[in-house]
Amino acid sequence: MLRGTPFHERTAPLCQAQNWRRWAGYLAASSYELTHDREYYAIRSAAALIDVSPLYKYVIRGSDAVRFLNRVLTRDVAGCDMHQVMYGPWCNEAGKVIDDGTLQRLGEESFRLTSAEPNLRWLCDNAFGLRVTIEDDSDTTAALALQGPTSREILNNVSDADLDSLKYFRLAFARAGNIPVTITRTGYTGDLGYEIWADAQQAIRLWDILMDGGRSYGITPSGIYALDVARVEAGLLLIGVDYIPANRALIEARKSSPFELGLGWAVRLEKGFVGQEALLEEWQRGPAWQFKGLELDWNSLEKVYAEFGLPPELPMIAWRTSVPVYAGAAQVGYATSGCWSPTLKKYIALAHLRSAHAERGTSVEMEVTVEHRRKKAAARVVDLPFFDPERKRS
Amino acid sequence: MNDTYDAIVIGAGHNGLITAAYVAKAGLRVLVLERRELVGGTAVTEEVFPGFKFDTGAHRISRLYPPLVTDLKLADHGLELLPLDPTVFAPTLDGGHLSLWRNPENTIDAIRQLSDKDAASWNGFAALVAKATGLLETLYESSPPEALSKKRKDRWAMLRMAGRLRRLGKRDMVEVLRILPMTAVELLDEWFETDVLKGTLGAAGITGIFQGPMAAGTAYLFLHQHVGTKQGILRPALRVRGGTGRLAQALAGAARSLGVTIRTGAWVERIIVEDGRAAGVALVGGEEIVARQVISNADPKRTFLDLVDPVNLGTEFLRRVRNIKFNGVCARVNLALGELPDFSSLPGDGPHLRGLISISPSLRYLERAFDDAKYGELSREPFLEAVIPSLTDPSLAPQGKHVMSILVQYAPYHLKDGVWDESRCDALGDRVVETLAKYAPNIESAILHRQVLTPLDLELVFGLTEGNIYHGEMTLDQLIFMRPVPGWARYNAPIKDLYLCGAGTHPGGGVTGAPGYNAAREILKRVK
C-alpha cells in the first residue's frame, strides 16, 4: 500500500486537488491547489515548501567511507570538504549511469547519500571488504525542500543557523525551534533554496515551524507539477524520464553514460571508481550523445498550429514522453521533458542529441502533435540550464 | 636479499609447487611463500603422535597428471606411486562385502558373488566410463574453452572439443552427453542392481561435495574421479610411498633444482596492487616482496576477498567470487592402531585392508547420510573412506602398529546450531568410531590415539575455505569455464599480473596437479 510521508498529516488536508501520485512507495501531491501556477511562482518569487521525504537516504559511516564512496561515485569524494555537498551520478562497470544524487559530508567519516531509486544492494555490493556501515535511513529521515528567493529569510527566522554565510552546496547543523536539523543549500529548482533533513518523528513540528515562520514571506506548499517545471528550467535530470537507470534498461541502447547526460563535469577520470575504464575509453572516443536544451521557435510554433486555425497550445504541466528531434528528414535525437517556461516565456525541452547535432545554436526541429497530426516546429539547441539566477549561488 | 623476483607463488601446495617449477623451468626467478613450516598444502605427512605418521590432508591420489612426473623428473626426487589393489573394499552389515580390483577379471569375479547380472554389465559400464572420461581428459589437459568468447582462438578450442565428442560416434556421443548431468543414482540404477556395488561406486560421485547421490551432477563428479585411469579400474587410488608429503617433497626438490626459492613460515597478508597490476606481496610482520607476477595457490575466495583490497576488483566480479559455493562437508579422523581392524564380513588380515575401505553399503545409505547434513547436522551414519597406509608402508607406524586415516562425510561446516567446538569434535570422533565398529568391532579397543580434524580445523590448518577440500564445490555450475567464475577461467584475474593456480581453477580438486600445470602454461603464454 502506498504510504503517506512523515508530513502526510499536514499535507493531506492541504491537498485540495486530491491528485496524489506515487513516488518511491509514498503518496506525493502533484499540486495542492487545483492548478499548480501559484505553487510554481512561489518557487521563483517567494518560497515553496516541498515534501521530498520519498528520496532514498543512506548514511555511510566508517574509516573506509571515503574510499567506499570514491569507489562508487564518479566524483572525487576525497576532495569533498567537511560539510560540503556534492551532486553526481554513479555507474555500473560499463560506465552507464545507475542513479544520481547528492552526497553530504556530515563528518570526517560519515556521509549521507540520497538517490531516486533504491540502491542499498548496489552500495552493499561495493562495500564488501571495506570498513563501512550503510544504513538505509529513507523511512526515518524526513526531508523538506524550501525553495525560492525568500527561503533564506524564513530559515534565518526559524533556525539558529547562520544562513547568510552558508554557501551553495554546503550544509549546516542547526536547530529549528528545538528540533535538530541538517540544512543543505541544495535543491531541484535551480533557485535560491535549501533542503532540511530531520528525524521523521519531528516532521510535523518541523512543518508547523516552517509554515508559521514563513507565512509573511509567502511560503506555499508546492507539489510535483510546480517542481517539475522548475527543474526543466534548471536543466536538471529526472531519472526514469530523462534517462533510464542502467540496471533497469532492457537493451544496451537505453543506457546512458554521464557524458551523454551532460554530467561529464562530475566525472573524475584520474581516480579509480566503478565504470572508470569504460568511461575513459568513451571519453577518448567522444560520447555519441549529448544532453542539451531546446528552445522552440515561437513563429514556427504559431505556424504549425495556424494550419488548423489554432493558437499554440502550450504545455503548462511538463510533459515526460519521448519526442523525436530532427535535422532535415533525419531523426537526430529525442526530447524527454518539456514545458512552457512561465519565467522565460519560452517553450523549452530537454533533449538527447547525437553529438554532431548538439552544438549550441544548431537548428533542429521537434515533433509537435497538432490536431492528431505530427508536425515539426523549429527549435534551437541551447546550453543548460535555461534559467540560472544569480541568487542561486550568491 | 630482496632482489626482484619474476614471480611469487603464494602457498606451497602441490599445485603451487608445480606452477613454480614450470615457470622457473622457463627461466623465471620464482619465490614460493608458504605459511606453514612444511610444504605441501594438503599433500603433507605429519607425525601426529610419536612414531605415527599420517597424511593429514589428502590420504590418496586418484591420478597425477602424467607429463608432470616426467617433465619434473619426480622419480629422481624420490616419488614412488603405489596403486592400491584392491582399489576399494566395502563391507556390509549383513556379512557381505565387495572388493574392486585393478584387474577387471578379478572385479567381475567379485561381483559375480553378489549378482550375475551386475557381473555381466561390468565391462559395458567400464567402457562407457572410459569414453566419457576420455572426453573429460581432453578437456582437462588444456585451459577451459571460453564458451562465451567470440575470439577465433576460443571458437577453435570449442570446435576441437566438439570434434573430440564427435569422434565418439553418434550413439556414444549422445550417451556421454546424456550422463554428464545425471545423478549418480540414475546412472548406476541403469546398470546395476547390487546395493553395495552401487553405493561404493556412487561414493565417488559425492566425495567432498555438499550433495547426496540423488543430486544432479553427481554422475559428473563420479566421472571426474576416474579421469586418466585405465578402463575397468573404478574407484582408483594411488598412495605415495612414505606418505603424500613425499609428493610435496619431490615437487619441492624438483622446483629447487630448477632454481625456485621456497620460504616456509612466510604468511602472506596481502597482495600489493599498484596501478591495477599485482606488484608483490606483503607478509604478516610487514615485509614486502616485489615481483612482476603474483600467482596464488590459495582458493579464489581467500585470494580475492582476503588478500586483495576489494577496491581493486569490479563489483560484479566480487559478487561472483562471494557467491562461489564452498560448503565443506568433510572431516578427518586419524587413528593410531595397536592392531588391524577385523571386519566381521571378512575377518583377519588380507589384501582387502590394502585398498580403500569404503563404508558405503548402498546409495540409500549415502543419501541418508546427506539428509542429516542438509539440515546442518553430522550424519548419523556417515560415509567413510579409510586407508591403512602402514600396511604397505611400515615406516609410517612403529613396528606391529598401524595408522588409519578416515575421510568422514558428511560433517557440514555450517552447523544448524553452534560451531565446531571441542565437544562436537569429540562427538564426531565417537560417531566415526561407532560407525566403523559396526563393521569391525575390534576397532575401539585397537585405538591408541585419535586425531579429529573438523571442517573448521581443515580451514584453519590448511587454509581451505569452509573446509572445502576442492577449493570450491565441484558441482556442474562451478566447473570448466565456470571455475572459479565465468569469464575468468584462464587462471588470470581482473588484476593484471595476478594468477590463480590452485584447485579452485579448472579442472578442479583432488591431487592431480592439472590446475598447476595448466596455470603455468597460461602464465608463460602471457609473460612471454
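Laboratory data are not the source of any read-out in this text; all were calculated from the coordinates shown. None of the values given here were measured: they were computed from a predicted structure. No Cβ is skipped: glycine too gets one built from the backbone with ideal geometry, and neighbour counts run over all protein chains shown.
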Degrees separating the helix B:170-179 axis from the principal Cα axis of chain B, which is the longest one: 90 degrees
If you take the square roots of the eigenvalues of the alpha-carbon gyration tensor of the range A:57-136 and sort them as a ≥ b ≥ c, do you get rounded (a/c under 1.5), prolate (a/b over b/c) or oblate? rounded
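If you add up the charges near A:E371, with Lys and Arg at +1 and Asp and Glu at -1, over every other residue whose beta carbon is less than 12 angstrom from its beta carbon, what do you get?
Within the 12 Å Cβ shell, the charges total +1.
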Amide H partners (placed H, <5 Å) of B:F54, local residues excluded: B:E46, B:E47, B:V48
Non-local residues with an amide H under 5 Å from the amide H of A:A161, with H modelled 1.01 Å from N and Pro and chain starts lacking one, are A:R175
Ranked from fewest to most other Cβ atoms within 10 Å of their own Cβ, A:R112, A:R61, A:R131 fall in the order A:R131, A:R61, A:R112
Using only Cα atoms, what is the ratio of the radius of gyration of the protein assembly as shown to 2.2 N^0.38 Å? 1.20
May I ask you to sort A:V59, B:V281 by Cβ crowding, counting other Cβ atoms within 10 Å and putting the fewest first? A:V59, B:V281
From the square roots a ≥ b ≥ c of the eigenvalues of the alpha-carbon gyration tensor of the range B:104-172, which class results: rounded (a/c under 1.5), prolate (a/b over b/c), or oblate? prolate
Using the Karplus equation 6.51 cos²θ - 1.76 cosθ + 1.60 (θ = phi - 60°), what ³J(HN,Hα) coupling, rounded to whole Hz, does each residue of the range A:292-302 give in order, writing x for Gly and Pro? 9, x, 10, 10, 7, 7, 4, 4, 5, 4, 4
Taking a straight Cα-to-Cα line shorter than 24 Å from A:K167, and setting aside same-chain lysines fewer than 8 residues away, one finds A:K57, A:K392
By the scheme Lys and Arg +1, Asp and Glu -1, what is the net charge of all other residues having a beta-carbon under 9 Å from that of A:I239? -4
Aspartates and glutamates with Cα under 14 Å of B:K416, excluding same-chain neighbours fewer than 8 positions away: B:D371, B:D372, B:E377
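Considering only the other residues whose Cβ falls under 13 Å of the Cβ of A:H352, what net charge follows from Lys and Arg at +1 and Asp and Glu at -1?
+2
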Checked chain A against the a/c 1.5 cut and the a/b vs b/c comparison, axes a ≥ b ≥ c from its Cα gyration tensor; verdict oblate
With springs only between Cα atoms under 10 Å apart, run a GNM on chain A and tell me which of A:K303, A:K345, A:K376 wobbles the most. A:K345
Which distance in Å, rounded to a whole number, links the C-alpha centroids of the range B:20-85 and the range A:73-91? 52 Å
Taking Cα centroids, how far is the range B:438-456 from the range B:183-246 in Å? 24 Å
For a quick check: sort A:C15, B:C501, A:C124 by the number of other beta carbons within 10 angstrom, fewest at the front. A:C124, A:C15, B:C501
Long-range amide H partners of A:L27, meaning residues 5 or more apart or on another chain whose placed amide H is closer than 5 Å, are A:R3, A:G4, A:T5
All lysines inside 17 Å of B:K230 as judged from Cα atoms, apart from same-chain residues fewer than 8 positions distant: B:K131
Angle between chain B longest axis and helix B:514-527 axis [Cα atoms, degrees, rounded to 10]: 10 degrees
Links that overshoot a 32 Å alpha carbon limit, given the list B:K301/B:K525; B:K25/B:K153; A:K292/A:K375; A:K271/B:K25; B:K170/B:K528: A:K271/B:K25; B:K170/B:K528
Using θ = phi - 60° and the Karplus form 6.51 cos²θ - 1.76 cosθ + 1.60, what ³J(HN,Hα) does each residue of the range B:41-52 get, whole Hz, x for Gly and Pro? x, 8, 9, 9, 10, 10, 7, 7, 10, x, x, 10
What list of ³J(HN,Hα) values in whole Hz, one per residue of the range A:64-71 in order, does the Karplus curve 6.51 cos²θ - 1.76 cosθ + 1.60 (θ = phi - 60°) give from phi, with Gly and Pro shown as x? 9, 4, 5, 4, 4, 5, 5, 6
Quick one: angle between helix B:245-257 and the longest Cα principal axis of chain B, in degrees between 0 and 90, rounded to 10, please. 30 degrees
Computed about the Cα centre, the charge dipole of the protein assembly as shown from +1 Lys/Arg and -1 Asp/Glu charges at the Cβ has a magnitude in debye, to the nearest 20, of 2580 debye
Could you work out the relative contact order of the range B:193-247, using alpha carbon pairs under 8 angstrom and six or more residues apart, expressed as a whole percent? 27 percent
Only four residue types carry charge here, +1 at the Cβ of Lys and Arg and -1 at the Cβ of Asp and Glu. Report the dipole size of chain A about the Cα centre in Debye, rounded to the nearest 20. 320 debye
Treating only the Cβ atoms of Lys and Arg (+1) and Asp and Glu (-1) as charged, compute the dipole magnitude of chain B about its Cα centre; round to the nearest 20 debye. 2420 debye
